[in-house]
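The values are calculated or read from the model by the stated rules, or taken from the named source; none is laboratory data. The shown structure was predicted, so the numbers you read here are calculated from the model rather than taken from an experiment. Here Cβ is always computed from backbone atoms with ideal geometry, including for glycine, and neighbour counts include all displayed protein chains.
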Amino acid sequence: MATTFSAQSRSVERLGPDRVEVRMKRTRAFSLAVGMAMAVLGFAAASFGAQPSEAELMKQVKITKAEAEQIALTKVSHGVVKSAEIENEKGHLVWSFDIARPGSRDIAEILVDAKTGKIISTQAESPRDQAKEAAADKKQN
């Protein structure tokens, strides 16, 4: 039995039992930190990689862009569509329209459910809000 523990006992003799315990705790802490960092990086990679392409989203659409546009324009009389895109937002696959309001610098953002045609959200965006959203979009891309 003395021969099986000879290497370990020499290590303990050289460093002392307290130092061995400290070294083991540091090794465990380091391993835990590395594991957590890898988990966070894996989650971040999965989150960014999980964004479906426009083509994948289009396969799920039941309401065409033109139909959704007509629905959205009913909320803004004499409005002009400035941009439109298909996206997942607020737990729904939606057509998102930015519609210019006549006589105003504000934009109406209308979200139309791409499967049912129902309006999910109507929101007014000031030029300041539009700049913030553009900056956030630029950061993501």
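Figures for the structure shown
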item	result
Any hit, region 65-74, residues being touching a Lys or Arg at 6+ places or on another chain (Cβ under 8 Å) and not polar (S, T, N, Q)	no
Options LYS65, LYS90; residue that is at pLDDT 85 or above, in the same structural domain as SER121 (by TED's automatic domain parsing) and basic (Lys, Arg)	LYS65
Residue in region 70-83 that is modelled with the lowest pLDDT, counting only those that are farther than 14 Å from LYS118 by Cβ and buried (at least 17 other Cβ atoms within 10 Å of the Cβ)	VAL76
Count of region 105-141 residues which are loosely packed, with under 15 Cβ neighbours inside 10 Å and either touching a residue at least 60 places away in the same chain (Cβ under 8 Å) or in a helix (DSSP H, G or I) (or both)	13
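Okay, residues lined up against (1) in contact (Cβ under 8 Å) with a residue 40 or more places away in the chain; (2) assigned to a loop (DSSP other than H, G, I, E, B):
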| residue | (1), (2) |
| --- | --- |
| GLU56 | no, no |
| LYS62 | yes, yes |
| SER77 | no, yes |
| VAL81 | no, no |
| GLU87 | no, no |
| TRP95 | no, no |
| ASP98 | no, no |
| PRO102 | no, yes |
